[in-house]
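The values are calculated or read from the model by the stated rules, or taken from the named source; none is laboratory data. Keep in mind it's a predicted model, so treat the numbers as computed, not measured. Because the Cβ atoms are built from the backbone with ideal geometry, glycine has one as well, and the counts that use them run over all protein chains shown. Heavy atoms of the whole protein, side chains included, go into the accessibility calculation; ligands, DNA and RNA do not. Shrake-Rupley method; radii C 1.70, N 1.55, O 1.52, S 1.80 Å.
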Amino acid sequence: MIDFLIPVMAAAISAATPLLLAATGELVVERSGVLNLGIEGMMLMGAMAGFAAALLTGSHLAGLLAAALAGMLMALVFAVLTLSLSANQVASGLALTIFGIGLSALVGAPYVGQPVPALPKLDIAGLSDLPVAGPLLFRHDGLVYFSVAAVAATWWFLNRTHAGLKLRAVGESAQAAHALGHPVIAIRYAASLFGGAMAGLAGAFLSLSYTPMWMEGMTAGRGWIALALVVFSAWRPWRALVGAYLFGGVGIVQLHAQGAWGLPSEMFSMLPYVATVLVLTVISARSQAGGTGSRAPADLGKPFRASR
Amino acid sequence: MSEITSLPLSRRSLIVGAGATAAMLAGTRTGLAADPLKVGFVYVGPIGDHGYSYSHDLGRKAVEAEFGDRVKVTFVENVNEGPDSERVIRQLATAGNGLIFSTSFGFMQPTIRVARQFPKVVFEHATGYMRADNVGIYNGRFYEGRAVLGTIAGLVSKTGSVGYVASFPIPEVIMGINAFLLAARKVRPDLTVKVIWLNSWYDPGKEADAAKALIDGGADVIAQHVDSPAAMQVAEARGAYAFGQASDMSRFAPRAHLTAIVYDWAPYYKERVKLVLDGAWKSDDTWWGLKEGLIRMAPYNPSLPEEIRKQADAVRDAIAAGTLQPFAGPVKDQKGAVRIAAGETISDADLLKMDWLVEGVQS
């Protein structure tokens with residue numbers, strides 16, 4: 001049994017990582033009151049730029065930096081439109097996705113079919129060779145550990161720092177934060193750029209680690225799942241981690257379980273989504289019963305114009 | 001792809017909407033002289049997909065090379081199946097194209113509708129089943145190539161377990177799996193094929209996950225009927241063998257890639273263009289395979305032993321010569337019921353609606 005579980009769980013951790021990276025970024029963006037639906041587009045640009053930079057320079061670090069930068073540039077386009085020009089955030093986010101899909105395919109065309117070495121896996125003498133924990137915990141690449149660290153850092157930032165408090169205030173009531181003298185637009189710009197960088201890294205994880213290659217549209221909808229995870233997490237970083245691992249885990253288990261109980265494969269493909277619906281129902285029921293709520297930031301998606 | 005087609009919300013349909021308009025502007029050339037035959041091609045994907053649309057575009061280039069000034073060739077790539085494609089096909093007909101190839105299953109209804117309005121224009125639709133006086137249809141017997149892959153898999157597998165990363169349980173995919181296993185069992189009677197269905201045509205991450213799961217489950221050869229090379233990369237990294245999809249994908253997995261089924265539409269396109277030029281075209285239903293050269297096998301991996309190459313070549317040549325039927329009976333399904341009796345084979349009509357897997361397939 002354990003021989004079966006270890007590869008499944010190790011694969012689930014890998015499958016969860018791009019979702020977790022992108023969801024953590026978007027969580028911060030939404031906490032500042034900005035709804036960016038363009039994650040898929042930013043991820044694809046990150047995947048393409050990260051792959052191209054790693055291929056051209058031979059350095060994975062350069063690839064990761066390029067991916068984060070590409071994601072930030074995409075987020076900047078979105079921020080200028082929605083924050084400086086007060087464009088509709090939903091429409092701009094959807095446009096950003098379509099733009100990212102097209103632009104990454106166009107710019108990335110020369111890199112289709114080129115080989116690039118995968119991100120190196122951790123190999124710590126002793127730890128990586130441990131019987132169960134070794135393959136499960138100590139044989140991933142750096143981005144996997146970074147994604148977990150990012151969750152911890154995001155939780156600490158949002159809940160334990162003054163800057164995090166300001167960011168949340170901006171997301172709850174931009175007018176009130178403005179009245180208190182906080183730079184609403186600047187904070188939202190910073191949050192949006194962070195979200196872009198994380199989405200870019202999520203894309204780079206796909207093109208440099210998960211399936212080390214570049215092909216157009218290779219994110220295959222993961223940006224949308226990350227977006228759903230933010231709602232699923234009720235805008236809390238650790239819950240996003242649980243959600244990402246649950247989602248990644250169910251997706252892997254269904255591959256291994258196919259044919260096991262004579263159920264049609266379509267049933268298994270549905271499982272991650274069924275799990276999502278169930279958890280959302282539970283969260284919603286609990287908040288209705290007066291438990292910890294799942295309330296979205298009050299000013300989410302609302303454009304802000306300073307009133308004088 | 002015949003394949004991408006059945007899927008309302010594929011990756012391509014998402015991308016394509018945005019690309020189609022631009023592609024129409026970029027891809028459509030307008031000719032001045034009325035003399036050359038104008039030929040239009042409509043592709044579902046980008047010509048750079050290194051797979052299905054790419055293979056059709058090689059056929060288009062062959063037409064240009066063969067007929068030179070006698071034809072004027074146009075293509076439109078990334079065309080969404082549905083209303084988008086009807087607009088593109090009608091636009092090509094309006095622009096004076098005398099022969100239009102619409103190369104994906106989902107272009108079927110739009111092609112028929114436009115054909116009704118342009119009775120003098122000749123249409124050729126790939127992988128569908130609806131014909132008209134000015135609409136011919138064509139398809140490839142891809143399962144014949146899968147029988148060759150199955151033979152190789154049966155000979156190279158040490159564990160006797162082959163993994164199959166599959167998209168949707170539709171006849172096109174099912175007949176491929178069945179032909180693969182039947183051929184593999186001829187050289188290794190105890191071989192089993194474990195299928196993982198992804199219910200998507202293109203998701204590199206999921207394809208890689210499925211290949212990992214299959215290899216973890218004991219498979220040492222991976223076959224696939226999905227579009228990306230991700231499963232092959234996993235096979236390369238994990239020491240298993242794999243086969244490319246739709247074109248030679250050896251550069252993604254130089255060690256693991258044993259061969260691939262390559263689609264070569266050039267002979268068919270050249271024949272049809274010539275018939276229209278000669279005024280001899282009539283509506284036809286063409287289903288070509290190894291014999292006509294519509295499918296070929298990519299060069300074998302240098303590491304593949306001579307003995308195995310010979311056996312694979314023998315299967316390929318026998319299918320091409322018509323002396324070997326991939327579905328020759330007796331064939332039993334998963335429940336053990338005889339579906340094709342001894343001494344018989346399956347009709348094309350039954351093949352096109354095949355919805356049962358053969359004995360030995362685990363799914």
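Among the residues of segment A:177-218, which ones are open to solvent by 20 Å² or more (accessible area, probe 1.4 Å) and either within 14 Å of chain B (Cβ to nearest Cβ) or of a type in the set (Ser, Thr, Tyr) (or both)?
Those that are open to solvent by 20 Å² or more (accessible area, probe 1.4 Å) and either within 14 Å of chain B (Cβ to nearest Cβ) or of a type in the set (Ser, Thr, Tyr) (or both): A:Tyr189, A:Pro212, A:Glu216.
In segment A:237-258, what count of residues is obtained for those that are surrounded by fewer than 22 Cβ atoms within 10 Å (Cβ to Cβ) and in contact (Cβ under 8 Å) with a residue 24 or more places away in the chain?
The total comes to 6.
Just to be sure I understand, how many residues within segment A:117-159 are open to solvent by 80 Å² or more (accessible area, probe 1.4 Å) and in contact with a strand residue (DSSP E or B) (Cβ under 8 Å, 6 or more places away or on another chain)?
So the count comes out to 3.
Under the condition of being among the hydrophobic types (A, V, I, L, M, F, W, C) and in contact (Cβ under 8 Å) with a residue 60 or more places away in the chain, which residue from segment B:42-68 is farthest from the other protein chains (Cβ to nearest Cβ)?
Among residues in segment B:42-68 that are among the hydrophobic types (A, V, I, L, M, F, W, C) and in contact (Cβ under 8 Å) with a residue 60 or more places away in the chain, the one farthest from the other protein chains (Cβ to nearest Cβ) is B:Phe67.
Filter segment B:293-343 for residues that are part of a loop (DSSP other than H, G, I, E, B), without any contact (Cβ under 8 Å) to a residue 60 or more places away in the chain and touching a Leu at 6+ places or on another chain (Cβ under 8 Å) and give the result.
Within segment B:293-343, B:Tyr300, B:Asn301, B:Gln334 meet the criteria.
Please enumerate the residues belonging to segment B:251-267 that are surrounded by 21 or more Cβ atoms within 10 Å (Cβ to Cβ) and assigned to a helix (DSSP H, G or I).
B:Phe252 - this is the single residue of segment B:251-267 that is surrounded by 21 or more Cβ atoms within 10 Å (Cβ to Cβ) and assigned to a helix (DSSP H, G or I).
Mind telling me which of the residues A:Pro7, A:Pro18 ends up being at pLDDT 95 or above and closer than 30 Å to A:Ala133 by Cα?
It is A:Pro18.
List every residue pair whose Cβ atoms lie under 9 Å apart, where the two residues are 6 or more positions apart in sequence or sit on different chains, the first residue falls within segment A:178-192 and is farther than 15 Å from A:Leu165 by Cα, and the second residue, located anywhere, is of a type in the set (Phe, Trp, Tyr) and at pLDDT 95 or above.
A:Ser192/A:Phe78
Only one of these is part of a loop (DSSP other than H, G, I, E, B) and more than 19 Å from A:Ala220 (Cβ to Cβ): B:Asp248, B:Asp227. Name it.
B:Asp248
With the requirement that a residue be at negative phi and modelled with pLDDT under 95, what does segment B:243-254 give you?
Listed by number, the residues that qualify are B:Gly244, B:Gln245, B:Ser247, B:Asp248, B:Met249, B:Ser250, B:Arg251, B:Phe252, B:Ala253, B:Pro254.
Rundown of residues vs (1) within 12 Å of another protein chain (Cβ to nearest Cβ); (2) open to solvent by 20 Å² or more (accessible area, probe 1.4 Å); (3) of a type in the set (Lys, Arg); (4) outside any helix (DSSP H, G or I), yes/no style:
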| residue | (1), (2), (3), (4) |
| --- | --- |
| B:Thr151 | no, no, no, no |
| B:Lys158 | no, yes, yes, yes |
| B:Gly163 | yes, no, no, yes |
| B:Ala179 | no, no, no, no |
| B:Leu182 | no, yes, no, no |
| B:Pro189 | no, yes, no, yes |
| B:Trp201 | yes, no, no, yes |
| B:Leu214 | yes, no, no, no |
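Each row is one residue, and each column tells you yes or no for (1) open to solvent by less than 10 Å² (accessible area, probe 1.4 Å); (2) at pLDDT below 95; (3) within 12 Å of chain A (Cβ to nearest Cβ).
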| site | (1), (2), (3) |
| --- | --- |
| B:Lys206 | no, yes, yes |
| B:Asp227 | no, yes, yes |
| B:Ala230 | yes, yes, yes |
| B:Val276 | no, no, no |
